[in-house]
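Single-structure report; data block below.
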Amino acid sequence: MAQDLAGWPSLLAGTVLLRPYVFVFLAAFLVLASRDLGWRRASGWLGWGWAVAFVAEYASTRVGIPFGLFRYTGDTAGLELFISNVPFFDPLSFPFLAYAAYCVARLALGQAGGWAPAMLAGVLMMLLDVVVDPLAVMGDRWFLGRLFYYVEPGIYFGVPLSNFAGWLLVGWIIVAGYLRAVRLRPGRPGSPAGGVGLYYGVILFNLGITSWIGERSLLMAGILVHVAVFLLLYAVRSSLVAPEWADEVPAGERVAVMTSTIDGGE
């Protein structure tokens, strides 16, 4: 699926025009992550996340690891930018989804570094895919288009279970790799609140499209999964912060301590 390098600016412009919603989320990520992590680290996260995702996508289209064997249709070749057989925009989604999942993990666990938020972020990213990937498989029914297909469709709305394992792994690698890179150079404190909003914004967007195309079973599955996840995370967060502070610290001071704990460095 070779493309003329001289025409890449127009192909990149075509990528943006075909997938404006992806770039809205990407812009939100850049603003939020720059405020949270600093712009250098946000840029590093973007580059690292894109590279990890591209390798995973490239490998999956050839040997089926880690997402399961799938093929890009190439229907938009000549209209948008491809790197080899992978649309440029597709790996761009993974950095902001991984960041959003990491922010939810930070908020739930009250810590920014270590293996626990990295592992939880991988799980939360995989749970995003419970809504995202089945909808993408149905892309010919909305404005995504028929972007790809699985060689052997899976049992979950056409998605193989290996895909979810792949999302967990890729999410964990992106977050753990970032935390490893900054381990010896803790950054300034930031707030995960914006990233949490991004996480649920992505969910609501995908559930909205799912409702629009009339996929009620997928809509209910997505709602049930994420309501359950939200309640579980809320319970975890409450168990970590409430017993220690509830009866001893005034409400105003409690909020300040919670914010300091959650937003602290590694």
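The values are calculated or read from the model by the stated rules, or taken from the named source; none is laboratory data. On a predicted model such as this, the values are computed, not experimentally measured, just so you know. Methodologically, a virtual Cβ is constructed for each residue, glycine included, from the backbone with ideal geometry; neighbour enumeration extends over all protein chains shown. These area figures cover heavy atoms from the full protein model, side chains too; ligands, DNA and RNA do not enter into them. Shrake-Rupley method; radii C 1.70, N 1.55, O 1.52, S 1.80 Å.
Please list, in chain and number order, the residues 5+ apart from PHE82 or on another chain whose amide H is under 5 Å from its amide H, with Hs placed from the backbone.
PHE88
So for the stretch 132-226, considering every pair of alpha-carbon atoms, how many percent are separated by more than 17 Å?
64 percent
Would you work out which of PHE157, ALA77, GLY145 lies farthest towards the positive end of the dipole of the chain, given +1 charges on the beta-carbon of Lys and Arg and -1 on that of Asp and Glu, about the Cα centre?
Value: ALA77.
What angle, in degrees between 0 and 90 and rounded to the nearest 10, separates the Cα long axis of helix 251-263 from the longest principal axis of the Cα atoms of the chain?
With both axes taken from Cα atoms, the answer is about 50 degrees.
For the chain, report the accessible area per residue in Å² (1.4 Å probe, heavy atoms, rounded to an integer).
47 Å²
Given the options ALA98, ALA13, ALA42, which has the most mean-square fluctuation in a GNM of the chain, springs set between C-alpha atoms less than 10 angstrom apart?
ALA13
Quick check: the angle from helix 89-109's long axis to the longest principal axis of the chain, C-alpha only, nearest 10 degrees?
Here the helix axis deviates by roughly 20 degrees.
Candidates (1) 63, 42, 31; (2) 82, 52, 31; (3) 47, 36, 34; which is the computed Cα extents along the principal axes in Å?
Checking each listed value against the structure points to (1).
Radius of gyration and Dmax for the stretch 1-126's Cα atoms, expressed in Å?
According to the Cα coordinates of the stretch 1-126, Rg and Dmax are 16.0, 49 Å.
For VAL159, what residues show an amide H to amide H distance below 5 Å, using hydrogens built from the backbone and excluding near sequence neighbours?
GLY154
Please state the charge dipole magnitude for the chain, taken about the Cα centre, from unit charges on C-beta atoms (+1 on K and R, -1 on D and E), reported in debye and rounded to the nearest 20.
Charge dipole of the chain: 380 debye, to the nearest 20.
Provide the net charge surrounding PRO134, with neighbours chosen by a C-beta distance below 12 Å and charges set as Lys +1, Arg +1, Asp -1, Glu -1.
-2
Rg and Dmax in Å for the stretch 43-104, alpha carbons only: what are they?
12.4, 38
Relative to the longest principal axis of the C-alpha atoms of the chain, give the angle of the C-alpha long axis of helix 8-18, reported between 0 and 90° and rounded to the nearest 10°.
70 degrees
So what's the back-of-envelope 222 nm ellipticity for the chain, counting only DSSP H runs of four-plus at -39500 (n - 2.57) apiece and dividing by all residues, rounded to 500?
Taking each H run of at least 4 residues, the total per residue is -23500 deg cm²/dmol.
Mind checking which of LEU30, TYR199, LEU224 is farthest towards the positive end of the chain's charge dipole, using Cβ charges of +1 (Lys, Arg) and -1 (Asp, Glu) about the Cα centre?
The residue sitting farthest along the positive end of the dipole is LEU30.
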